[in-house]
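Undergrad: One structure, pasted below without further comment.
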Amino acid sequence: MNKVIKKFSRNVPHWQPRVAPVDLQEASEDQLDALKVTPSNTKVSEYVLTLAHDVESLKVRTPLFNAIMYDRGGMSRAERELSALGASMVNHCVYCAAVHAMRHAQLEKSTEVTDRVFLEGTGADLAPRDRAILDFAVALSECPSQAGPEHLDALKAAGLDEAEVLDLILSAALFGWANRLMHVLGDPVRPEATG
């Protein structure tokens with residue numbers, strides 16, 4: 001028996017799909033072709049195997065995801081992860097919040113920021129640049145029109161240039177979509193203790 005997780009942490013739960021993922025041994029040539037480039041350039045996850053049921057969407061989604069989250073230039077990888085974390089917390093996506101908090105901590109070689117965010121919430125006391133990034137990602141995720149001129153002024157004051165602001169917008173918006181898709185297709189679970 002599994003228990004659906006509702007609390008945020010860096011401890012990444014298992015994602016249990018509601019739709020059976022594509023079996024690599026039985027995948028069509030088109031599915032295998034779409035799976036060649038995985039989102040993080042690592043192993044093919046159950047989530048991506050589930051998305052492989054819609055080959056055309058996956059062929060577009062994966063390069064877009066990689067370009068937004070992993071391309072060089074613009075905002076740092078850790079800051080993109082912070083943006084994705086903010087969006088995922090607003091959207092209550094426990095799985096994505098854990099993944100992006102873990103990646104942020106790995107990239108920064110510190111758990112200080114994510115510990116604070118999980119303890120104090122999205123209004124946590126952070127350094128000005130992190131605060132401006134998280135505020136913008138949260139506002140954009142709550143309702144796009146809430147991300148206004150005051151957020152852009154705070155980003156500029158924190159030293160972000162136009163390319164970094166664009167990366168912030170793209171990473172937060174990407175997870176506005178990805179979180180919702182993940183919610184519909186499966187659940188973050190941990191096996192319940194037995195005995």
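Undergrad: For Val48, indicate whether it is closer than 23 Å to Leu24 by Cα, part of a helix (DSSP H, G or I) and under 17 Å from the mean Cα position of the chain (by Cα). Can you show your working first?
TA: Numbers: closer than 23 Å to Leu24 by Cα: yes; part of a helix (DSSP H, G or I): yes; under 17 Å from the mean Cα position of the chain (by Cα): yes.
Considered against the rule, which asks whether it is closer than 23 Å to Leu24 by Cα, part of a helix (DSSP H, G or I) and under 17 Å from the mean Cα position of the chain (by Cα), Val48 comes out as yes.
Undergrad: A further question on this structure: What residue, among those in region 115-135 that are part of a helix (DSSP H, G or I) and closer than 11 Å to Leu85 by Cβ, is most open to solvent (accessible area, probe 1.4 Å)? Before you say what the answer is, go through the steps one by one.
TA: Taking region 115-135 and keeping what is part of a helix (DSSP H, G or I), we get 115-120, 128-135.
The next check asks that each one be closer than 11 Å to Leu85 by Cβ; those that pass are 117-118, 130, 133-134.
Numbers: Val117: 0, Phe118: 53, Asp130: 30, Ile133: 0, Leu134: 0 Å².
The selected residue is Phe118.
Undergrad: From the list Leu166, Leu181, Leu160, pick out the single residue that is open to solvent by less than 80 Å² (accessible area, probe 1.4 Å), at pLDDT 95 or above and among the aliphatic types (A, V, I, L, M).
TA: Values: Leu166 fails: open to solvent by less than 80 Å² (accessible area, probe 1.4 Å); Leu181 fails: at pLDDT 95 or above.
Of the residues listed, the single one that is open to solvent by less than 80 Å² (accessible area, probe 1.4 Å), at pLDDT 95 or above and among the aliphatic types (A, V, I, L, M) is Leu160.
Undergrad: Could you figure out which of (1) aromatic (Phe, Trp, Tyr); (2) touching a Gly at 6+ places or on another chain (Cβ under 9 Å); (3) farther than 17 Å from Leu168 by Cα isn't true of Phe136?
TA: (3)
Undergrad: Same structure, new question: Taking the options Leu58, Leu64, Leu32, Leu82, name whichever one is open to solvent by 70 Å² or more (accessible area, probe 1.4 Å), under 29 Å from Leu134 (Cα atoms) and not in a loop (DSSP other than H, G, I, E, B). Spell out the reasoning first.
TA: Values: Leu58 fails: open to solvent by 70 Å² or more (accessible area, probe 1.4 Å); Leu32 fails: under 29 Å from Leu134 (Cα atoms); Leu82 fails: open to solvent by 70 Å² or more (accessible area, probe 1.4 Å).
On inspection, the qualifying residue turns out to be Leu64.
Undergrad: Let me ask another. Quick test of your reading of the structure: Ser40 fulfils all but one of (1) open to solvent by less than 70 Å² (accessible area, probe 1.4 Å); (2) at pLDDT 90 or above. Name the failing condition by number.
TA: (2)
Undergrad: Answer yes if at least one residue in region 90-100 is open to solvent by less than 60 Å² (accessible area, probe 1.4 Å), part of a loop (DSSP other than H, G, I, E, B) and either β-branched (Val, Ile, Thr) or free of Cβ contacts under 8 Å to residues at least 24 places away in the same chain (or both), and no otherwise. Don't jump to the end; show me each part of the working.
TA: Narrowing region 90-100 to residues open to solvent by less than 60 Å² (accessible area, probe 1.4 Å): 90-91, 93-100.
Narrowing the set further to residues that are part of a loop (DSSP other than H, G, I, E, B) leaves 91, 93.
Right, trim to either β-branched (Val, Ile, Thr) or free of Cβ contacts under 8 Å to residues at least 24 places away in the same chain (or both) and you get none.
Within region 90-100, not a single residue is open to solvent by less than 60 Å² (accessible area, probe 1.4 Å), part of a loop (DSSP other than H, G, I, E, B) and either β-branched (Val, Ile, Thr) or free of Cβ contacts under 8 Å to residues at least 24 places away in the same chain (or both).
The values are calculated or read from the model by the stated rules, or taken from the named source; none is laboratory data. Small disclaimer: the values here were computed from a predicted structure and weren't measured. Reconstructed Cβ throughout: ideal geometry from the backbone, glycine too, with neighbour counts over all protein chains shown. Please note that ligands, DNA and RNA were not included when accessible areas were found on the heavy atoms of the full protein model with its side chains. Shrake-Rupley method; radii C 1.70, N 1.55, O 1.52, S 1.80 Å.
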